Amino acid sequence: MADGLLKTWTNLVQPLLRRPRQLQVAAICYRENNGKTEVLLITSRGTGRWIVPKGWPIDGLNAPEAALQEAWEEAGVKASVNAAVPVGSFDYEKWVEDGYETPIKAQVFKVRIDDLADTYPEMDERTREWFSPAEAANLVQEPGLQDILRHL
C-alpha cells in the first residue's frame, strides 16, 4: 500500500505541482589539441562540481550570444558560436537563493575556443580544466549533458 502511494505521489502528483522549466543557455567550449577534441569544464560556485558555462538569457542577445557571454564571464572564453542552432538540451534542478530548487532546461551551443583570457570576471570563483569528451561526460552530473558530451 505504501509503495502504491509513493509511486502515485512521485509519478502523478509531484509532476502536476512542479513549476514549468525555466530556460538557460549553456556553452560546450572545445578545442582541437593534437588532432583530439578537448572540452573545457568549470567548477560551480556553490558545490565545486564540474559543469559547463551556463546562465540566464540576456536582454538584447540571442541565445547563442548569451551562451558565449556566459562562457566569457565564467571561464574567460574568447570565441564565436559555431551555429545558432542548439546541439541539444538537458534538464537539471537549480538551487536558488530563495531556498528551493527550480527545474531548468538548458539549451546547449557548441563554442570553438579561439583563446582563453588570463583574467575574466569569475576567475577567482571557479576552476577551469580541459578534458576529453568522454572524461567530461563522466565528470558532469546531468544525464542529458553526459549524452551530449559523449556524442561530440
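Annotations for the structure displayed:
- Helix 63-75 and the long axis of the chain differ in direction by around 70°, with both axes built from C-alpha atoms.
- Antiparallel beta bridges, as assigned by DSSP with both residues in the chain, represent about 75 percent of the total such bridges.
- Taking Cα centre as origin and charging only the Cβ of basic (Lys, Arg, +1) and acidic (Asp, Glu, -1) residues, the dipole magnitude of the range 7-152 rounds to 640 debye.
- Rel. contact order, % - alpha carbon contacts under 8 angstrom, at least six apart, the chain: 28
- Here the range 20-150 has an Rg and Dmax of 13.7, 46 Å, counting Cα atoms alone.
- Sparse-neighbourhood loop sites, GluC sites (Glu not before Pro) in the range 64-152 - DSSP loop, at most 13 other Cβ within 10 angstrom: 97, 125
- Here's the list of aspartates and glutamates a cross-link from residue 105 could span, going by alpha-carbon distance under 12 Å and ignoring same-chain residues fewer than 8 apart: 91, 93, 142.
- Efficiency of FRET between residue 124 and residue 85 - r from beta-carbon atoms, R0 25 angstrom, step 0.05: 0.15
Values in this text are rule-based calculations from the coordinates and carry no lab data. Model, not experiment: these values are computed from the prediction. Reconstructed Cβ throughout: ideal geometry from the backbone, glycine too, with neighbour counts over all protein chains shown.
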